[in-house]
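Remarks on the structure that follows.
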Amino acid sequence: MKTNEILENLEKLFPNPKCELDYETPYQLLVAVILSAQCTDKRVCMVTKNLFDRFGTPEKMLTLSQEELEEIIRSCGFYHNKAKNILSMTKDLIEKFDGVVPNDLDKLQSLAGVGRKTANVVIAEAFKGDAIAVDTHVLRVSNRLGFAETADPHKCEQALMKTFPKECWGKLHLQLVHFGRYICKSQKPDCEKCPFVNICKK
């Protein structure tokens, strides 16, 4: 199956893919993505509604102690590390960039607790830039469909970038996330709804 056919099929399935995290600013998205590690977007949105209403800016976030933040985000899991990372990232953001989230991959990764996947999500989603964030869904789908043959997210990202045109990366990332979340699921993939059964390596 050619690249343009793959893109056409994904377009039919998910013509307008949306990020399922709720946010109003790049900073809030950054916090939400940190919270989403090994947690459902639905749960994160429940937690961030309360969090962002009261502490939705870098300055307000730093009025919280780590213990106070842990209590608010506890249900997202790994709350100790996540609270520590959010506060460290926020402190870095204020000290390095005057509290403004940078539209730059390297600068984003210079923030405490921000890895490449998180930085790519912010670039693609908040700034509508050309970036592919490889989460567990994207990694699984890419391997099953033969876009990549690796367990390494960075190598998978590089393979996707070589395979697909730059201008579609941001949308493709969301389409692959939704495809992996709702059709090509980890345990029980819905193969009857999949247009890629002839190239699937599962």
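Since every read-out is calculated from the coordinates, none of them should be taken as a lab result. Fair warning: this is a prediction, and the values are worked out from it, not measured in the lab. Methodologically, a virtual Cβ is constructed for each residue, glycine included, from the backbone with ideal geometry; neighbour enumeration extends over all protein chains shown.
Given only helices, namely DSSP H runs of n ≥ 4 each adding -39500 (n - 2.57), what is the per-residue ellipticity at 222 nm of the chain, to the nearest 500 deg cm²/dmol? Display every interim value, and only then the final one.
Values: 11 runs with 112 residues, N = 202.
After summing the helix terms and dividing by residue count, I get -16500 deg cm²/dmol.
Dividing the convex hull volume of the Cα atoms of region 1-64 by its residue count, what figure in Å³ per residue is obtained?
Hull volume over Cα atoms, normalised by residue count, gives 116 Å³.
From the phi angles alone, apply the Karplus equation (6.51, -1.76, 1.60; θ = phi - 60°) to region 22-36 and give each ³J(HN,Hα) in whole Hz, x where the residue is Gly or Pro.
8, 7, 10, 9, x, 5, 5, 4, 4, 5, 4, 5, 4, 5, 7
Helix 169-182 versus the longest principal axis of the chain: what is the Cα-based angle in degrees, 0 to 90, to the nearest 10?
Taking the Cα atoms of the chain, the angle to 169-182 is about 80 degrees.
With no solvent and one point on each alpha carbon, what is the Debye value of log10 I(q)/I(0) for region 26-126 at q = 0.18 Å⁻¹?
With one equal scatterer per Cα and no solvent, log10 I(q)/I(0) is -0.77.
Return a whole-number percent for the relative contact order of region 26-126, with Cα pairs under 8 Å and 6 or more residues apart as the contact set.
Computed over region 26-126, the figure is 31 percent.
Find the Rg to Rh ratio for region 157-197, where Rh is the Kirkwood radius over alpha-carbon pairs and Rg uses the same atoms.
Ratio of gyration radius to Kirkwood radius: 1.04.
Want the number for residue 149 to residue 166: 0.36 nm per residue separation, take away the alpha-carbon distance, what's left?
That works out to 4.1 nm of additional length.
How fast does region 57-202 diffuse by Stokes-Einstein, in µm²/s, taking the Kirkwood radius from C-alpha pairs at 10 °C and 1.306 mPa s?
Details: Rh = 16.9 Å.
This corresponds to a translational diffusion coefficient of 94 µm²/s.
Evaluate the Kirkwood expression for the hydrodynamic radius of region 120-191, namely the inverse of the mean inverse distance over all pairs of different C-alpha atoms, and round to one decimal in Å.
Value: 12.1 Å, from the Cα pair sum.
On a full-extension model of 0.36 nm per residue, what is the gain between residue 127 and residue 57, subtracting their alpha-carbon distance, rounded to one decimal in nm?
23.4 nm
How big is the dipole moment of the chain about its Cα centre under a simple scheme where the beta carbon of each Lys and Arg is +1, that of each Asp and Glu is -1, and everything else is neutral? Debye, nearest 20, please.
Charge dipole of the chain: 720 debye, to the nearest 20.
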